[in-house]
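A.B. asks: Take this structure, written in structure tokens, and hold onto it; I'll ask about it next.
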Ligand code: GDP
Ligand code: GDP
């Protein structure tokens with residue numbers, strides 16, 4: 001899926017615009033030197049073309065002196081990572097020095113740039129917008145993020161400029177994405193599997209590598225390993241490395257079947273790791289968790305794996321039916337077990353339960369424990385079937401689907417998990433009118 005970045009000074013209206021376009025929002029939060037940047041990411045589509053929209057600046061509000069450095073970083077990120085860039089300016093303030101600075105940086109990039117002149121709420125402001133031609137962009141749009149006018153024209157042209165990101169032709173092969181925070185051990189993991197140092201990590205300015213797919217064969221099972229690891233950007237700033245890796249993860253997650261989520265067990269399953277976990281869950285991807293660097297975890301009494309597992313599952317609630325493998329990439333402990341588990345999760349995700357079998361198992365369970373009556377009305381579930389989606393989803397047909405509440409849906413999900421192995425796979429349960 002294409003990535004579109006929105007850049008511009010604070011207060012020009014980026015978040016207003018963003019909220020108008022996004023159906024579902026994911027916040028990518030990272031704390032940097034006291035400033036919490038809440039970078040927003042979400043999906044949008046226009047004329048049937050889906051894209052991810054990223055507000056690379058997030059909602060930074062601050063004093064003027066942090067602006068310049070912040071904006072430079074924002075623009076650099078956008079140029080490196082996005083397929084197209086929306087550069088937003090504010091007709092109320094006119095062209096500012098900062099706008100000129102951003103324009104200069106953007107003009108050097110080869111990515112398509114769309115200049116969005118915001119807050120043109122009515123015809124009376126059209127004249128003032130002409131001034132922005134001095135910034136020298138071919139594509140220029142007057143719009144109002146508040147009332148929505150002009151956004152359609154911008155989006156029409158934007159989606160035309162986006163590359164056609166059809167899935168690669170080898171998409172028949174299962175795709176496992178190795179994701180996680182920087183230094184979790186992702187590249188070491190892939191190197192250990194492949195048996196050689198495929199990644200030459202350098203700090204030389206300008207070394208950039210996109211995520212690489214490796215065809216891999218194990219247990220007679222072929223798959224693509226999607227790597228997000230070798231990101232060593234020219235960025236001098238540590239926190240941006242984190243953000244790069246999150247952006248890479250976003251892309252890789254959307255394109256894979258199963259994620260192998262590697263985290264450093266000596267550092268814990270923290271908020272950034274959770275972000276990736278939930279992103280995969282919401283995208284209905286299979287998940288295997290690797291607790292890496294287990295060799296460094298001292299005092300491994302017999303109970304410590306259990307305790308650690310419990311701790312991880314607490315962070316994952318309510319989606320706890322996820323395999324966790326304790327590995328040491330360094331000593332190659334259980335790294336093949338990790339791959340075996342990913343293969344199992346892939347198979348669980350592609351599993352199709354026969355309708356007859358599903359009904360034979362589920363209907364007696366439902367009979368013994370029917371949905372609670374609601375407003376003195378009884379819900380009667382008659383029949384269920386698995387839907388033909390790429391990930392497991394089930395429809396239960398009944399008389400009054402609107403009366404089936406979340407706790408009962410969870411009950412049904414748990415029973416599905418108990419009876420058919422869906423370990424590592426998010427499942428969706430619908431109640432439909434029959
Ligand atoms: P950001 O810092 O770039 O994310 O800017 P915000 O989206 O927070 O907007 C800054 C201010 O501009 C808010 O008070 C918005 O209500 C206002 N604003 C945003 N878009 C428009 C617009 O199209 N017209 C007008 N008049 N105000 C707007
Ligand atoms: P990436 O940024 O996620 O690709 O992480 P790397 O693979 O570059 O690993 C980061 C650091 O952790 C390197 O110094 C590795 O040698 C080290 N490392 C990776 N896996 C292990 C492990 O299982 N045990 C120990 N002790 N160190 C590890």
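A.B. asks: Taking 60 Å as R0, compute the FRET efficiency from the Cβ-Cβ separation of residue 307 and residue 133 and round it to 0.05.
C.D. replies: Efficiency for this residue pair is about 0.40.
A.B. asks: Sketch the reach of a paramagnetic label on residue 373 as a point 7 Å from Cα along Cα-to-Cβ, and name the residues of region 398-434 whose backbone nitrogen lies under 19 Å away.
C.D. replies: 399-405, 408
A.B. asks: Something else about it: Fewest first, what order do 137, 431 take by the number of other Cβ atoms within 10 Å?
C.D. replies: The fewest-first ordering by Cβ neighbours comes to 137, 431.
A.B. asks: Looking only at region 372-434, where both bridge partners belong to it, what percent of the DSSP beta bridges are antiparallel (to the nearest 5)?
C.D. replies: Counting DSSP beta bridges with both partners in region 372-434, the antiparallel share is about 50 percent.
A.B. asks: Using a basic spin-label model with each label point 7 Å from the Cα along Cα→Cβ, how many nm lie between residue 360 and residue 16?
C.D. replies: Here the answer is 6.2 nm between the modelled labels.
A.B. asks: On to the next question. Need one word for region 355-433: rounded, prolate or oblate. Basis is the Cα gyration tensor (sqrt eigenvalues a ≥ b ≥ c); a/c below 1.5 gives rounded, then a/b vs b/c decides.
C.D. replies: prolate
A.B. asks: Tell me the label-point distance for the pair residue 434, residue 125, using the 7 Å Cα-to-Cβ offset, in nm and rounded to one decimal.
C.D. replies: 5.5
A.B. asks: For residue 147 and residue 385 in one chain, what is 0.36 nm times their gap in residues minus the Cα-Cα distance, to one decimal in nm?
C.D. replies: Between residue 147 and residue 385, full extension yields an extra 81.3 nm.
Taken together, the values in this text are just the output of simple stated rules run on the coordinates, not laboratory data. Values in this document were obtained by computation on a predicted structure and should not be read as measured data. Cβ sites come from the backbone with ideal geometry, for glycine too, and all protein chains shown count toward neighbours.
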